[in-house]
Amino acid sequence: MKKNRVLMEELTWKEYAERIKTDLVLLPIGSTEQHGPHLPLGTDAMQIMQFSRLAAARVCGIVAPVLSYGYKSQPKSGGGPNFPGTTSLTAEALIFVVRDLLKEFVRHGARKIWIMDGHYENAMFLSEAIDLALDETGVKDVKIIKNCFIQFLNPQDIDKIFPKGFPGWDLEHAAVLETSLMLYFRPDLVRKDLMRPDRAENLPPYDIYPVPKDIIPASGVLADPTGASAELGEYIVRRCLDEFERDVRKEFS
Ligand code: ZN
Ligand code: MN
């Protein structure tokens, strides 16, 4: 059996059955959402999938097929619903899909699961899905971890990535981080000539419903992406992979 295969979809059921009881299962979850004029709608899903694939290779894990939809894009973290192509799930749908997937992996014998969240708005709904799955399977020796890989970055990394100032992870949408990651992972999909130094300014300290059309820049870019580079993307990925590998050994050994 080729242990170097990490994608669940490339394994046969026999290979999967042999590995699932011992290997870490990574479940990447993204979104389908506007990412400004220069990045594709699948940015969140593509970058979390690419990261998961490299992460699994470091620890001989298995990457489950990516969930390319996420919770509703919010104006102050993803631009909100007023963009063609932003295609979101309700909280209930996301919770139940992720709960179902977790229960299936546990039923197959998985006891080590890492949810890789690639979309800011998903966070607490994934926590709910994990809670429900643990309650409903009743299996006691399963451990599920959830994070977004940017949480691996420390203050020194953030200073290096954002020399002109860190806007916060919520406003880091279609900006330096995501543009750098896409320049590293999929440069063919980055429309560099369409990059805009836009930023969301004077945002109210509250959320308005229905979501107004003029609350964020018309480009959908929430913070200035100039300063993004493939080199920075490579640095971010390497730093996060190193931390991930160390934490997997800490949590699952
Ligand atoms: Zn994004
Ligand atoms: Mn997003």
For this session: Taking M124 as meeting all but one of (1) assigned to a helix (DSSP H, G or I); (2) of a type in the set (A, V, I, L, M); (3) out of contact with any Lys or Arg (no Cβ under 7 Å at 6 or more places or on another chain); (4) surrounded by 21 or more Cβ atoms within 10 Å (Cβ to Cβ), write down the number of the exception.
Result: (4)
Problem set entry | the stretch 132-187: number of residues that are of a type in the set (D, E, K, R), closer than 22 Å to L39 by Cα and part of a helix (DSSP H, G or I) | 1
For this session: Show the residue pairs that are 6+ apart or on different chains and have beta-carbon atoms under 8 Å apart, the first residue being within the stretch 66-94 and under 20 Å from P212 (Cβ atoms) and open to solvent by less than 40 Å² (accessible area, probe 1.4 Å), the second being within 15 Å of ligand 1 (Cβ to nearest atom) and not in a loop (DSSP other than H, G, I, E, B).
Result: S73/E121; S77/Y120; S77/E121; G78/Y120; G78/E121; G85/T32; T86/T32; T86/G78
Exercise. Can you find a residue in the stretch 41-59 that is open to solvent by 40 Å² or more (accessible area, probe 1.4 Å) and of a type in the set (V, I, T)?
Worked result: no
Exercise. Checking P187 against (1) surrounded by 15 or more Cβ atoms within 10 Å (Cβ to Cβ); (2) at pLDDT 95 or above, which test does it fail?
Worked result: (1)
Exercise. Which condition number in (1) of a type outside the set (S, T, N, Q); (2) in contact with a Lys or Arg (Cβ under 6 Å, 6 or more places away or on another chain); (3) surrounded by 14 or more Cβ atoms within 10 Å (Cβ to Cβ) is the one that D141 fails?
Worked result: (3)
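The values are calculated or read from the model by the stated rules, or taken from the named source; none is laboratory data. Just so it is clear, the model here is predicted, and its values are computed rather than measured. Quick reminder, even Gly has a Cβ in these numbers, built from the backbone with ideal geometry, and neighbours come from all protein chains shown. Quick note on the areas: whole protein, heavy atoms, side chains included, nothing else; ligands and nucleic acids left out. Shrake-Rupley method; radii C 1.70, N 1.55, O 1.52, S 1.80 Å.
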